[in-house]
1. Taking other Cβ within 10 Å of each residue's Cβ, how do 285, 6 sort, fewest first?
2. Amide H to amide H under 5 Å from residue 9: which residues, 5+ apart in sequence or cross-chain, H placed 1.01 Å off N in plane?
3. To test your reading of the geometry: what angle, between 0 and 90 degrees and rounded to tens, separates the Cα axis of helix 78-87 from the longest principal axis of the chain?
4. Report the net charge of residues surrounding residue 297, where surrounding means a beta-carbon distance below 11 angstrom and charges are Lys +1, Arg +1, Asp -1, Glu -1.
5. Could you tell me which GluC sites (Glu not before Pro) in region 310-378 are loop residues by DSSP with no more than 13 other beta carbons within 10 angstrom of their beta carbon?
6. Rounded to the nearest 5, what % of the DSSP beta bridges within the chain are antiparallel ones?
7. If you rank 93, 141, 356 by fewest surrounding Cβ atoms within 10 Å, what's the result?
8. From Cα pairs below 8 angstrom and at least 6 apart in sequence, can you work out the relative contact order of the chain, rounded to a whole percent?
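Every read-out reported here was derived from the displayed coordinates using simple, explicitly stated rules and does not represent laboratory data. Values in this document were obtained by computation on a predicted structure and should not be read as measured data. Every residue, glycine as well, gets a Cβ built from its backbone with ideal geometry; the counts of neighbours run over all protein chains shown.
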Amino acid sequence: MKVLFVLNNIYAKGNGLSTSARRTVAALRDAGVEVKVLSGPNPDPDGPQPEYCLKEFKIPFFQPLLRAHGYSFASTDVKLVEEAVGWADVVHMEEPFVLEIRACKIARRLGKPITGTYHLHPENIFFSLLFKDSYLPNHWMLMAWRNLCFNKWDIVQCPTGNVMARLKANGFTSEPRLISNGVVPDSCIRKPREEGPFRLCCIGRISGEKDQKTLLEAMQYSVHAKHIRLVFAGKGPQGRKIKRMAHALYRKGVLAYDPEFVFLDRDGLRKLAASSDLCIHCATVEVEGLSIMEAMQQGAVPVIASGPITGADQFALDERSRFRQRDAHELARKIDAWLDSPQELEAARSRYVREMEEYAIQRSVEKLIQMFEDALNA
């Protein structure tokens, strides 16, 4: 079976969608599926390139913002798109943008089955364009995606129940399949805790919808604030703002340890999570949450925001690991509850490590292969 993955840039750095796509493609190939990619170029000229490499499409004025989010768009060379789609048995879309609309039209003309993954919400885009929680722009974008892309696909992979519920509520008619994006299995390297301050990590792009500021606000209400060392792992358009807020808490004496800001590779993130007591995930817009999944693999107990369009809170095993989005007071209470109970915190680590075994990417790949076969044989 030959599967074509279509997305704007599979090699973009600091972009969860691209990271997930790279891992899924690699896992499918390991499982014996012949996969090729139609995508824009790798920013690293010395790195691997997609089999069908499109030129980058630069958008005036918005290009710096796109780069800050680790994103880029590809051109839609009709001949190359036709060649790529013509090669495939199944065409798999990773986004609902212009490239995918073009590829979809060609796939339909050539009689190719189409599957796709719901990877991002409109709010992921509009949050950085001043609309944030505005209902109409986000709803109009969702309806455009529905009509131009998703309802023209045969099957849509929904990584979480939260996503599936949203699609059903908004008239998406393609068959939904509940399939996690999965996480690459990784052994837990955590060592016994040493004496010293509690370490809380917050991993992910530093942007408005990831809402790192709520964690900083929570420090003002936490009884353990002076015994907490915060580590933010990531970069993004709000990096400078969050750094100023974090360092201000240290200068004012709210925190006894100046928060750290780092940008790490996968091994570095693994070590950070393995040395952290808690991993805080404040995102108000999240399809699944790869960063929190990887942190839990290393026994970092999560405290996850719960909201209408965030699916990451499905990983919380009890209410101590869940708080209302943007509620700094409740987040502080949940953090304090865990830090007040070190024995329960240690016991919870192994439960979260075991939970992530259920989300191994190999299990997701088995379901994806079945999805491709069902689309092909329909």
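1. Numbers: 285 27, 6 31.
Ordered by Cβ neighbours within 10 Å, fewest first: 285, 6.
2. Here the answer is 40, since their amide H atoms fall under 5 Å of that of residue 9.
3. In the chain, helix 78-87 runs at an angle near 90 degrees to the longest axis.
4. On the way: positive: 190, 270, 349, 354; negative: 186, 294, 355, 357.
With Lys, Arg at +1 and Asp, Glu at -1, the net is 0.
5. On the way: sites: 319, 330, 344, 346, 355, 357, 358, 366, 373; in loops: 358.
Sites meeting the loop and neighbour criteria: 358.
6. Values: 3 of 44 bridges.
Roughly 5 percent of the DSSP beta bridges within the chain come out antiparallel.
7. On the way: 93 29, 141 17, 356 22.
By the 10 Å Cβ count, ascending: 141, 356, 93.
8. Working: 735 pairs, mean separation 57.5, N = 378.
Relative contact order of the chain: 15 percent.
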